[in-house]
1. Could you tell me which of the residues L194, L239, L287, L198 is among the hydrophobic types (A, V, I, L, M, F, W, C) and closer than 18 Å to G12 by Cβ?
2. Inspect all residues belonging to region 236-250 and state whether any of them is part of a loop (DSSP other than H, G, I, E, B) and open to solvent by less than 60 Å² (accessible area, probe 1.4 Å).
3. Would you check which residues across region 19-49 are within 13 Å of H70 (Cβ to Cβ) and within 17 Å of the chain's Cα centre (by Cα) and list them?
4. What number of residues within region 106-162 satisfy the criterion of being in contact (Cβ under 8 Å) with a residue 60 or more places away in the chain and part of a helix (DSSP H, G or I)?
5. Could you please find all residues in region 209-235 being of a type in the set (D, E) and either in a helix (DSSP H, G or I) or under 14 Å from L198 (Cα atoms) (or both)?
6. Would you mind stating whether F291 is of a type in the set (A, V, I, L, M, F, W, C) and part of a loop (DSSP other than H, G, I, E, B)?
7. Give me the residue from region 213-235 that is open to solvent by 60 Å² or more (accessible area, probe 1.4 Å) and touching a residue at least 40 places away in the same chain (Cβ under 8 Å) and, out of that set, farthest from A90 (Cα to Cα).
8. How do the pairs read when you match residues in region 34-57 that are of a type in the set (D, E, K, R) with residues anywhere that are open to solvent by 90 Å² or more (accessible area, probe 1.4 Å), using Cβ under 6 Å and keeping only pairs 6 or more apart or on different chains?
Amino acid sequence: MSYQKVTIVGGGTLGSQIAYVSAFHGKDVTVWGRSDSSLEKAQARVARWEDGVRRDLQATDEQIAAAREHLTYVTDLGEALAGADLVIEALPEAPATKTEFYEKFAKLADPQTVVATNSSTLLPSAFAEATGRPEKFLAYHFANEIWKNNTAEIMPHPGTTPELPATFEEYSREIGMVPIMVKKEQPGYVLNSLLVPLLDAGSQLWANEIADPETIDKTWMIATGAPAGPFAIMDTVGLNTVYAINIMNPDTSHQEIAKKVKTMIDAGHIGVESGEGFYKYPNPAYLAPEFLK
């Protein structure tokens, strides 16, 4: 089974990347957004991803133009879902927001449509029943800059039809991803189970005033040879997502981190997308040769 007509629900950082890379590989992709302004932002993000694909995949002007022809943007959810083979939900990490969508999806989507969540940390079993088709539902997660960091984690829940993950493995390869099969539910899959503790440790050091973000990143980069530290990674992920993950954790330390991050968000500093987060872009300090001295 191959998925050709694909709908991406939400045009944020990862949603727009999934949409663009799928279109680049010849899939017919519809991006759904709540408003015209949200779709305008999604289209602006796609324009940035074009630059990355052109650079990292040596894409030609013809390939870039062809990808644009495979993309459609709509605000009408019924229109977005009609005839879709596959729907990938890429909404914010807020359980209520996701549940609200799935309840609407259950009423509007065609019976044969398969659905997946791109949630970074939430379990698919939390939303399976709300989809109205738990057997056709699983979690499907990508790393940021997916055309380059091309893992696609496939994680079923206990009620997923056993044959379904193989169809996602096929789709992943069709859009240039390396499929990562996750055998059972795990918050954070494989990638974020490894990454989140690093980001959490860096955030705790910052919140407790042990060291500033630049020092923390520098330490990690020099000692491990990594190209970026936890705060540069958070800028790439986007501080809205960082905030959402921390605010859901009732632990006092996570609430303090959320409070500090919220101050940055309120100032318009949400990371790479806004041109400033912990660093200023497009030329952040951590990329300068002298940073590691």
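1. L239
2. yes
3. Correct list: A19, Y20, V21, S22, A23, V29, T30, V31, V46.
4. Of the residues in that region, 2 qualify.
5. Across region 209-235, the qualifying residues are E214, D217, D235.
6. The answer is no for F291.
7. I222
8. Within 6 Å, the pairs are D56/K148.
The values are calculated or read from the model by the stated rules, or taken from the named source; none is laboratory data. Since the structure is predicted, the reported quantities are computational estimates derived from the model, not experimental observations. A quick note on method: Cβ atoms are made from the backbone with ideal geometry, for glycine too, and the neighbour counts reach across all protein chains shown. For the accessible areas, the whole protein counts, side chains as well, though only heavy atoms, and no ligand, DNA or RNA atoms are used. Shrake-Rupley method; radii C 1.70, N 1.55, O 1.52, S 1.80 Å.
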